[in-house]
Ligand SMILES: Nc1ncnc2c1ncn2[C@@H]1O[C@H](COP(=O)(O)OP(=O)(O)OP(=O)(O)O)[C@@H](O)[C@H]1O
Ligand SMILES: [Mg+2]
């Protein structure tokens with residue numbers, strides 16, 4: 001098993017957001033997480049990635065059989081956890097090229113490898129740019145600075161393609177994408193799918209799941225996974241909304 | 001404060017004769033303290049022409065009437081000017097036989113800076129094999145320059161070999177009456193660089209003090225003079241990006257630049273003198289007067305500085321834009337960490353018509369550091385159609401440090417435009433998390449973000465300087481975020 005979350009509780013500034021999450025993800029699987037606004041989807045993603053502002057008060061997360069809480073944010077990344085941000089952050093003055101080169105080389109160092117020669121790195125960049133069809137001059141611009149909403153999301157997938165994670169959590173990567181971009185992003189994910197890696201896709205729209213077909217769909221509500229099912233659950237949610245689940249839950 | 005200064009001056013003037021002495025001209029070192037005899041001794045030691053001694057003495061007498069300025073946003077103990085040795089023959093450093101004898105902390109820093117082993121040896125005073133002997137490097141270098149008529153030598157050498165040039169230009173941009181530290185420097189300066197680019201010559205290499213090996217130990221009261229004749233161009237790099245553990249507490253340098261018609265001078269500094277330890281003990285007090293005059297029309301002077309060292313920095317590289325259409329630029333990155341304090345900025349004096357100036361200042365404060373930008377833009381009434389653009393950004397790391405901005409703007413005509421922008425920002429937890437999530441550890445992330453923030457200035461540096469400056473920025477902020 002790649003990821004196993006048991007009875008996870010997490011809070012911020014004393015306010016509990018996650019109230020007992022259970023989730024198991026195996027290699028080769030795609031899980032979709034849906035749920036109303038403000039119920040803790042992004043919080044869950046952040047806690048898996050190790051964001052320090054959240055306090056884990058109870059429960060455990062095992063990743064590749066190891067206690068994830070023992071690893072720092074960067075170590076988790078180097079162990080193959082990738083988070084596609086709902087709101088990608090701007091880093092003025094730092095080009096994507098420079099940013100990704102630093103990231104790739106830190107990851108390589110962790111694996112005992114020498115830094116990638118500049119030529120090879122640029123070649124890899126070109127390849128991955130094609131995959132997500134981003135404009136070639138975008139990588140010379142500062143990370144996310146002045147990017148359109150869609151460009152920011154594509155940039156996340158681009159980074160994922162370069163880092164080739166084992167566990168990718170994509171937090172609303174489909175929000176703000178036009179139909180073409182949605183297809184491109186989904187294509188990117190599908191190309192990267194293997195038997196060894198897994199995806200957790202957080203989304204509000206069943207539309208994305210037509211392209212990235214999930215093995216499981218979970219509904220997160222008030223800090224708990226209140227319902228799990230197969231891809232049909234997403235269609236049902238699209239039609240009926242969340243009210244029936246809320247009622248069931250209450 | 002004032003009475004203290006007076007008291008100090010009293011003691012000082014009284015003591016002058018009480019402790020009068022006849023200095024042994026053969027000795028390599030002057031005794032502690034400052035008086036006219038010491039100045040005569042320095043001048044004699046350097047075998048200076050009469051005009052130079054006269055200049056020093058005038059400066060000294062004027063200095064006696066002055067008070068140390070206290071308008072800067074700096075706190076430091078009273079400097080005892082009688083407790084300083086004003087002349088010591090260039091120190092023969094103890095030659096070490098291998099790198100094993102060098103302070104490991106210093107070696108660590110070298111490694112981080114990516115300085116080669118040979119270079120490391122040289123910088124830390126380990127004997128170096130003949131191949132790397134910098135004298136030979138220096139010779140080939142000097143030949144190239146002299147063919148073009150470029151004079152690049154130590155200030156002392158210039159006084160001996162080109163006294164007429166020194167006499168014509170010295171103190172024309174920074175008179176000894178300019179300020180307390182300029183007066184002090186004028187009285188006691190020991191050495192520095194001299195650079196003369198003849199008419200129409202573009203200096204083909206970056207001139208660097210790196211080649212001025214023998215002046216390495218005379219940094220305390222440095223004096224530099226750069227003259228670019230009509231249509232000349234030179235890019236000059238000051239400083240050495242290795243940590244100089246110079247324990248001289250007080251540094252008071254002067255740099256003067258003269259650009260004649262159509263001439264351009266680029267002056268770049270990377271300063272990383274000892275900043276004191278984590279608790280603010282020790283470190284250099286750096287009081288510098290740097291000024292250039294765009295004397296002829298269409299001339300240009302550009303200052304670029306990356307300041308990461310010194311406990312106290314007091315420094316305002318300035319431009320007097322006298323020639324019509326002349327251009328002044330100031331690009332600065334100033335970093336303070338731990339207990340460092342910097343009060344730095346520029347003065348842009350627009351006198352000629354259609355003159356233009358640009359000021360980009362990036363302050364970075366960490367730890368308990370205090371960083372002030374102080375900038376004056378003055379557009380004279382005759383400087384019609386002039387423009388200034390100033391941008392002063394402050395970046396704070398942590399909540400115990402400080403950033404302050406003191407802009408002074410005076411515009412005396414209606415056709416000129418002055419723009420001033422200022423921002424203060426912090427490295428956000430969001431940005432750090434984003435970097436870390438990609439596998440970049442916190443310190444590297446801070447280095448990356450800070451370098452991005454300073455990019456506008458760093459890109460103005462000559463290539464070889466820029467790479468080292470980037471590393472230096474990251475290193476000087478190490479340990480600044482828990
Ligand atoms: N840094 C923070 N400080 C205070 N409250 C926070 C913080 N981050 C999240 N929260 C709160 O935690 C709750 C869950 O937020 P979260 O971002 O996880 O929701 P979400 O399910 O991702 O919602 P959306 O669908 O709108 O993205 C919200 O009430 C939010 O306001
Ligand atoms: Mg969210």
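One table, with the values for the structure above:
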read-out: Output for region B:126-175, where each listed residue is surrounded by 14 or more Cβ atoms within 10 Å (Cβ to Cβ), part of a loop (DSSP other than H, G, I, E, B) and at pLDDT below 55; value: B:128
read-out: Those residues of region A:48-80 which are within 16 Å of ligand 1 (Cβ to nearest atom) and more than 14 Å from residue A:4 (Cβ to Cβ), in sequence order; value: A:49, A:50, A:51, A:52, A:53, A:54, A:55, A:56, A:57, A:73
read-out: Single residue of A:47, A:56, A:25, A:73 found to be within 16 Å of ligand 2 (Cβ to nearest atom), farther than 30 Å from residue B:459 by Cβ and either surrounded by fewer than 18 Cβ atoms within 10 Å (Cβ to Cβ) or modelled with pLDDT of 95 or more (or both); value: A:47
read-out: Listing of helices (runs of 4 or more DSSP H) fully contained in region A:22-125 that carry 1 or more residues being away from every other protein chain (no Cβ under 12 Å) and more than 17 Å from the chain's Cα centre (by Cα); value: A:96-110
read-out: Any chance residue B:436 is in contact (Cβ under 8 Å) with a residue 12 or more places away in the chain, part of a helix (DSSP H, G or I), at the interface with another protein chain (Cβ under 7 Å from one of its Cβ atoms) and buried (at least 19 other Cβ atoms within 10 Å of the Cβ); value: no
read-out: Residues that are surrounded by 23 or more Cβ atoms within 10 Å (Cβ to Cβ) and outside any strand (DSSP E or B), drawn from region B:253-272; value: B:263, B:272
read-out: Residue within region B:424-432 that is within 14 Å of chain A (Cβ to nearest Cβ), within 22 Å of residue B:366 (Cα to Cα), in a loop (DSSP other than H, G, I, E, B) and over 21 Å from the mean Cα position of the chain (by Cα) present; value: yes
read-out: First in region A:188-216 and closer than 24 Å to residue A:236 by Cβ, second anywhere and within 16 Å of ligand 2 (Cβ to nearest atom) and part of a helix (DSSP H, G or I), Cβ under 8 Å, 6 or more apart; value: A:200/A:45; A:201/A:208; A:202/A:41; A:202/A:42; A:202/A:45
read-out: Residue among A:155, A:144, A:187, A:140 that is more than 28 Å from residue A:65 (Cβ to Cβ), more than 16 Å from ligand 2 (Cβ to nearest atom) and in contact with a strand residue (DSSP E or B) (Cβ under 6 Å, 6 or more places away or on another chain); value: A:140
read-out: Some residue of region A:168-176 being within 16 Å of ligand 2 (Cβ to nearest atom), without any contact (Cβ under 8 Å) to a residue 40 or more places away in the chain and touching a helix residue (DSSP H, G or I) at 6+ places or on another chain (Cβ under 7 Å); value: yes
read-out: Test for residue A:234: is it within 16 Å of ligand 1 (Cβ to nearest atom), more than 14 Å from chain B (Cβ to nearest Cβ), touching a residue at least 24 places away in the same chain (Cβ under 8 Å) and under 30 Å from residue A:58 (Cα atoms); value: yes
read-out: Top-ranked residue in region B:449-482 [being within 13 Å of another protein chain (Cβ to nearest Cβ) and in a loop (DSSP other than H, G, I, E, B); ranked as modelled with the lowest pLDDT]; value: B:482
read-out: Selection count where residues are buried (at least 21 other Cβ atoms within 10 Å of the Cβ) and within 28 Å of residue B:280 (Cβ to Cβ), scope region B:340-369; value: 14
read-out: Complete set of residues in region B:396-423 that are in contact (Cβ under 8 Å) with a residue 40 or more places away in the chain and either within 30 Å of residue A:78 (Cβ to Cβ) or at the interface with chain A (Cβ under 9 Å from one of its Cβ atoms) (or both); value: B:397, B:398
read-out: Considering residues of region A:143-157 that are part of a helix (DSSP H, G or I) and within 12 Å of chain B (Cβ to nearest Cβ) only, the residue nearest to residue A:122 (Cα to Cα); value: A:155
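The values are calculated or read from the model by the stated rules, or taken from the named source; none is laboratory data. Everything quoted here is computed from the prediction, not taken from an experiment. Heads up, the Cβs are rebuilt from the backbone with ideal geometry, glycines too, and the neighbour counts pull from every protein chain shown.
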